[in-house]
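The values are calculated or read from the model by the stated rules, or taken from the named source; none is laboratory data. Please read all numbers here as calculations on a predicted model, not as lab measurements. Positions of Cβ are backbone-derived with ideal geometry, glycine not excepted, and every protein chain shown enters the neighbour counts.
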Amino acid sequence: MRLLPPFYCLPIVLLCCLLPCLTWAQQPSSSRAELEQQREQLQKDIQRATQDLNLVQKNKQRTITQLRILDNKMRLRQKLVTNINQEINFINGDINKANHDISSLQKDLDTLRAQYGRLVVYAYKNRSAYDFLNFILSANSFNDAIKRFEYLKQYRAYRQNQAASIIQTQTQLKEKIKNLDAMKEKRGNVLASEKGQMQKIENEKQEKDDMVKGLKGHEKELMTSIKEKRIQSNQLSIKIAAVIRREIEEAQRRAAAEARKRAEAEARARALAEAKESAPSSNPSTKESAPPPSASSQPAAPPPVAVITPKARPANVLESTPEALALSESFESNKGKLPWPVSKAIIVSTFGIHQNPVMEKITEDNKGITLETEADAPVHAIFNGEVASVFPVSNRWTVVIRHGQYFTVYSNLKEATVQTGQQVKTMQTVGNVYTNPNTGESELDFQIYKSQQPVDPQTWLRSM
């Protein structure tokens, strides 16, 4: 067997470098989308709080309501800063991944260039057409010559692919560097936004300190106002409890009356049946009873079928009628989707026990939520129901509406436009908000009760 000259020998195995398909390592798109939506909502809430604060500050007298609105605004802005920090973390992750991709691409480019350089040098040394033909014609057989020809053709294609890979890698590298510069610019803008928000928080803290200092300078008037509101709150709670208790007692009386009617009807039906059985029969042939059929003539009893019964709803006397039960279930099915009782409002006091923002040793127990709104704003029923009671507290009106076993309470009204026993529809006006002539505050106290237990209205109302 004849050996080929050394300069004809090509590497039997060529190392083919496959470029990895590099993609941006992004955080889950849903997380970033939710972050963007949250930021937009926070910005809207801050803008609304600013407008509300400007509205109540038209009255030169500083009040606890102003302080609560400012507190709420600061909490919203702090949430916005947290949101911005999360966005910065996302961007930093993108920048780190981009740097890693650029480093990998640069290494791939260097490797491709080195490999291509060796191929070019080898091709230059063996560029003679005589060497090419001699390599093919020196084959031992025709099939061997064909294989050598295909091999040289594949080798040429490999060189072309290497050149194309270098160009493609250079393009990707430039694009990555461009994107990296854009990310760094975006991070700079976000950091500037964070710095601006932090400065606003510091300004609002100073404003809050000044406001607290001013309110503490009128401690006697403030204590008098707190005592008056506590008395009014206690009176309101007592009257609401009395209304609900009266509704329960009335429902119990109706249920007892219905039970007596059913018992009397059943007794009459039994007496009538017994009278028919004891009456003599006109057909004598029926006196002798026919013998009972044999067991063999009886049809076979079907096998028992398992019946799955739904979980029983706890009994409640306020749902003793089908209408009341349906209304309760409909009210429950709309939890988190109920409309707000006023069209424009900001929550200045939430549900539960809170520390007074000025008098740290004093706590306040809010059975519902307090909404600051526009002067003389119309108040709407949040669901279909029946007006259980309309009564005054300190020359201000309260409307209680029953929805099965649920009750909604609308307090601090200048006037009520509905009457006890009246059927109301969702969004029907039930009154107008009272405006304090001394402070200029227009506040609605709104509560929801499940039977006799107050619940947090914010969990029932839809997002603002």
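Run ALA290 past the list (1) of a type in the set (A, V, I, L, M, F, W, C); (2) closer than 30 Å to TYR449 by Cβ; (3) modelled with pLDDT under 65 and report the number of the one that doesn't hold. Result: ALA290 passes all but (2). Among the residues examined, PHE407 does not qualify as over 20 Å from TYR434 (Cα atoms), not charged (D, E, K, R) and not in a strand (DSSP E or B). Pairs linking a residue in the stretch 323-338 that is touching a residue at least 12 places away in the same chain (Cβ under 8 Å) to a residue that is among the β-branched types (Val, Ile, Thr), with Cβ atoms under 6 Å and 6 or more positions apart or on different chains, are LEU338/ILE382.
Only one entry in ILE231, ILE238, ILE226 is crowded, with 16+ Cβ neighbours inside 10 Å, on the phi < 0 side of the Ramachandran plot and out of contact with any Pro (no Cβ under 6 Å at 6 or more places or on another chain), namely ILE226. Once the stretch 59-82 is narrowed to residues that are of a type outside the set (A, V, I, L, M) and buried (at least 19 other Cβ atoms within 10 Å of the Cβ), the residue that is modelled with the highest pLDDT is ARG77. Scanning the stretch 83-120 for residues that are over 44 Å from the mean Cα position of the chain (by Cα) and under 30 Å from ARG32 (Cα atoms) yields a count of 1. Residues in the stretch 316-347 that are assigned to a helix (DSSP H, G or I) and in contact with a Gly (Cβ under 9 Å, 6 or more places away or on another chain): LEU318, GLU319, GLU323, ALA324, LEU325, ALA326, LEU327, SER328, GLU329, SER330, PHE331, GLU332.
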